[in-house]
Amino acid sequence: MRILITNDDGINAPGLKILEHIARTLTDDVWIVAPEHDQSAVSHSLTLRTPFRISEISPKKYAVLGTPTDCILTAVRLLMAENMPDLVLSGVNNGANLAEDVTYSGTVAAALEATILGIPSIAFSLTIENLQPVKWATAEHWGPIVLNKILKNPIPSDVLINVNFPNVIHKSVEGIKITCQGQRKVCDRIHEREDPRGIPYYWIGPGSQRYDDTWKLAEFGTDIEAVGTKYISITPLSVDMTHKKTLELLKEQFS
């Protein structure tokens, strides 16, 4: 098996090293093509209006001055074009990718791009809140277990798998749950600050309510509820975003 790994936290992120360890439990043929700098929350964006550069760090390891989607395209269409990857792994993200946050996530977007290109893909994230110490060892321990279970059957061609680990020591993980994408109250705020010259500037940042509060209100069977109760969440996400019930309703309305 040939595996391509990437992320949105950057080529030097600790989660990428963890993901490499996970990938190498399956094969020695591991390629790394990741952003040169942190690209969190860039979603499925492409670099279209400016050129970007590729730096070879070592054999089979490249840094791309671009987005996670750029990295997947660069790997598949250029660096690995003569021998395509069999599987793409993205992460391990420093922070959750649950509920609506998957729409912002560069980690999930990289897996989405691979799926669109016909390559099975899995996104991995570690749920970190309120500056808690990061339990990377939990992802390293459970990652191979989760990966092997997922790969027992082929991943459908129009589906990517989204995995979230709770940020607890690996012995405290209660198990694995197959979940639906949840919903949570959007709590990001615009924070106003003032520079030394008295000119205002703004940050988009978190509000007061985070995942560690919202899981208590989450619907049973969702990704938020699972991670909040110390389970690993595995959610299949579809490339096709068509809402089938509304589709039929609109057909009736316009018939």
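Each value in this text was obtained by applying a stated rule to the coordinates, not by laboratory testing. Remember, predicted model here, so these are calculated numbers, not experimental data. In this analysis, Cβ positions are derived from the backbone assuming ideal geometry, glycine residues included, and neighbour counts consider all displayed protein chains.
Tabulated data for the structure shown
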{"quantity": "Highest-MSF residue in the chain out of Gly15, Gly91, Gly182 [GNM, Cα springs under 10 Å]", "calculated": "Gly182"}
{"quantity": "Per-peptide average of other Cβ atoms within 10 Å, ordering 153-160, 28-35, 174-181 highest first", "calculated": "28-35, 174-181, 153-160"}
{"quantity": "Sequence-distant lysines (8 or more away, or on other chains) whose Cα lies within less than 26 Å of Lys244", "calculated": "Lys177, Lys185"}
{"quantity": "GNM result for the chain, Cα springs below 10 Å: residue of His243, His37, His170 fluctuating most strongly", "calculated": "His243"}
{"quantity": "Label-point gap, in nm, between Trp203 and Gln183 - each point 7 angstrom along Cα→Cβ", "calculated": "3.1"}
{"quantity": "Bridge type composition, the chain - antiparallel percent by DSSP, nearest 5", "calculated": "40"}
{"quantity": "Label-point gap, in nm, between Glu100 and Arg49 - each point 7 angstrom along Cα→Cβ", "calculated": "2.6"}
